[in-house]
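Q: Handing you a structure now.
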Amino acid sequence: MKNTGITLLLLLLFIYAVPTMAQVQSNAKFYPAGDDAFQYMGRVQPTADAVKYNWPGVSIFTAFTGQKLGIQIKGGDRNYFNVWVDDRPEQVLYAVNDTLWWYPGKLSKGTHQLRIVKRTEGGMGIAEFTGIYVGAKESLLKPAPLPARKLLFIGNSITCGYGTEGKDKSERFKPATENCEKSYATIVARAFESQYHLISHSGLGMIRNYGDKEKISTKLAPMPARLEYLLDEDSTRTYPLQEYVPDAIVINLGTNDFSTQPFPDEPDFINAGKKLINKLHLEFPHAKIVCVTGPMINEPCFSYTKKMVEELRTELEALEIVFVGIPGNLLNKEEDLGSDWHPSYRGQLKSGHMLIPVLGTMLNWNYSLDEILKNLKK
């Protein structure tokens, strides 16, 4: 009898949490993903009835009136999304199947700003955003325009925010612990109030991927090959690079090249870096470029990357490029590490703190360190 009662209670809760389509239609109004009131930041692929994407950090913006919000999205079993309404604390959305997720609690009357961020990387699967529901008598509005400033980050797991929410360095990675909004990259972007694109994938290097038995990876192309991918892990669809022209590009590659033996030879690593940067400079001649090494790797990656930057300064006189080395001893091994020895949010804040003044000087941009100073307090 006791088990029967529990089963009945769970059934009632399920019915309450997931309204039937008839209930949804009578109590709410649906706006499809293609509505003009939606604004997208990042690489997305519109389809007939949804918008598909998988790069980390892809964000959806809109505004709506009223106290009700439902999000229709399909993320698979490894994707997680951050949902922000105004200044309320983030809600984490997990949508395995085609899910209608209702914002918990009751919102205040009036207009609200909505932001939905894919916190997990491309390897966690493709997301399909269908649209949102608001109250039957409410409406969707165009959101505030995206910032004019634009940053592009090209990197690996550190840029993805791998394990930033892991409890300590000994915890193995789970998709739920990956949050790109706690990566140094998005921390930097917020400091400048800038747009950002994250072209990053865990385990990939400049010329050699993590654990490869060869000095140069050939079975799986390293990260530079994905520069023009519309969807990560899909080489059949390209993204027109001129659709997003960055003011500055931050490249953080090399950690996977030198994490395990055999290391790539110096000339090969430097030439691969030059090839990538030459392509970027040709595409975006006015963009500043910062090449970052660390904080999970040291020599010879530091020396090779610094040498590459120095040679490029001579070869491309018009290119404004600098090297920033983030030393491993910047991070406290107990407090600053998350899953699998990757930087936690606190560790990522420290890395961001090193980068922000450099970019600020190069771009002559004002910035705020409030997030960093607030969260690094003991």
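The values are calculated or read from the model by the stated rules, or taken from the named source; none is laboratory data. From a predicted model like this one, the values you see are computed outputs, not experimental measurements. Quick reminder, even Gly has a Cβ in these numbers, built from the backbone with ideal geometry, and neighbours come from all protein chains shown. Just so you know, the surface numbers come from the protein's heavy atoms only, side chains and all, with ligands and any DNA or RNA stripped out. Shrake-Rupley method; radii C 1.70, N 1.55, O 1.52, S 1.80 Å.
Q: Please state the shape class of the stretch 67-182: rounded when a/c is under 1.5, otherwise prolate if a/b exceeds b/c and oblate if not, all from the C-alpha gyration tensor.
A: Prolate, because a/c is 1.5 or more and a/b exceeds b/c.
Q: Under a crude label model (7 Å from the Cα following the beta-carbon direction), how far is ARG88 from ASN271 in nanometres?
A: 5.6
Q: In addition: Placing +1 at every Lys and Arg Cβ and -1 at every Asp and Glu Cβ, with all other atoms neutral, what dipole size does the chain have around its Cα centre, in debye to the nearest 20?
A: 1000
Q: Moving on to the next point. So how do 86-96, 117-127, 268-278, 198-208 stack up, highest first, on mean other-Cβ count within 10 Å?
A: Per-residue mean Cβ counts within 10 Å order the peptides as 198-208, 117-127, 268-278, 86-96.
Q: Could you identify which residue out of LEU316, LEU337, LEU280 has the top mean-square fluctuation in a GNM of the chain using Cα springs shorter than 10 Å?
A: Maximum among the listed residues: LEU316.
Q: At a Förster distance of 25 Å, what's the computed FRET efficiency of LYS219 paired with PHE173, Cβ-Cβ distance as r, to 0.05?
A: Efficiency at R0 = 25 Å is approximately 0.65.
Q: Right, another one. To the nearest 20 Debye, how big is the dipole of the stretch 138-277 about its Cα centre, given +1 on the beta carbon of each Lys and Arg and -1 on that of each Asp and Glu?
A: It comes to approximately 80 debye.
Q: May I ask which of LYS279/LYS350; LYS109/LYS142; LYS174/LYS219 have a Cα-Cα span longer than 19 Å here?
A: In this structure, LYS279/LYS350; LYS174/LYS219 lie more than 19 Å apart at Cα.
Q: Cα gyration tensor of the stretch 261-378, axes a ≥ b ≥ c as square roots of the eigenvalues: rounded (a/c below 1.5), prolate (a/b > b/c) or oblate?
A: Since a/c reaches 1.5 but b/c is at least a/b, the shape of the stretch 261-378 is classed as oblate.
Q: Next question. At what distance in angstrom do the alpha carbon centres of the stretch 188-256 and the stretch 307-340 lie from each other?
A: Computed from Cα coordinates, the inter-centre distance equals 16 Å.
Q: Taking +1 at the Cβ of each Lys and Arg and -1 at the Cβ of each Asp and Glu, which of PHE129, PRO295, THR111 sits farthest along the dipole of the chain towards its positive end, judged by Cα position relative to the Cα centre?
A: Projecting each Cα onto the dipole axis, the largest value belongs to THR111.
Q: Using a 10 Å cut-off on Cβ atoms, rank the peptides 307-315, 211-219 from the highest mean neighbour count down.
A: 307-315, 211-219
Q: Compute, for the stretch 242-294, the length of the dipole vector about the Cα centre, with Cβ point charges of +1 (Lys, Arg) and -1 (Asp, Glu) only. Units Debye, rounded to 20.
A: 120
Q: Additional query: Report the label-to-label distance for ALA148 and LYS109 in nanometres (one decimal), using points 7 Å from each Cα along the Cα→Cβ vector.
A: My value for the distance between the label points is 3.8 nm.
Q: With a ≥ b ≥ c taken as the square roots of the eigenvalues of the C-alpha gyration tensor of the chain, please select rounded if a/c is under 1.5 and otherwise prolate if a/b is larger than b/c or oblate if it is not?
A: Verdict is prolate for the chain.
Q: Sticking with this structure for a sec: Within the accessible area of the chain, what % is carbon and sulfur when the probe is 1.4 Å and the other protein chains stay in place?
A: 54
Q: Take peptides 99-110, 177-188 and line them up by average Cβ neighbours within 10 Å, highest first, as a rough protection proxy.
A: 177-188, 99-110
Q: Counting only DSSP beta bridges with both residues in the chain, tell me the antiparallel percent, nearest 5.
A: If we restrict to bridges inside the chain, about 70 percent are antiparallel.
Q: Then there is this: With the other protein chains left in place, how much accessible area per residue, in square angstrom, belongs to the chain at a 1.4 angstrom probe?
A: 46
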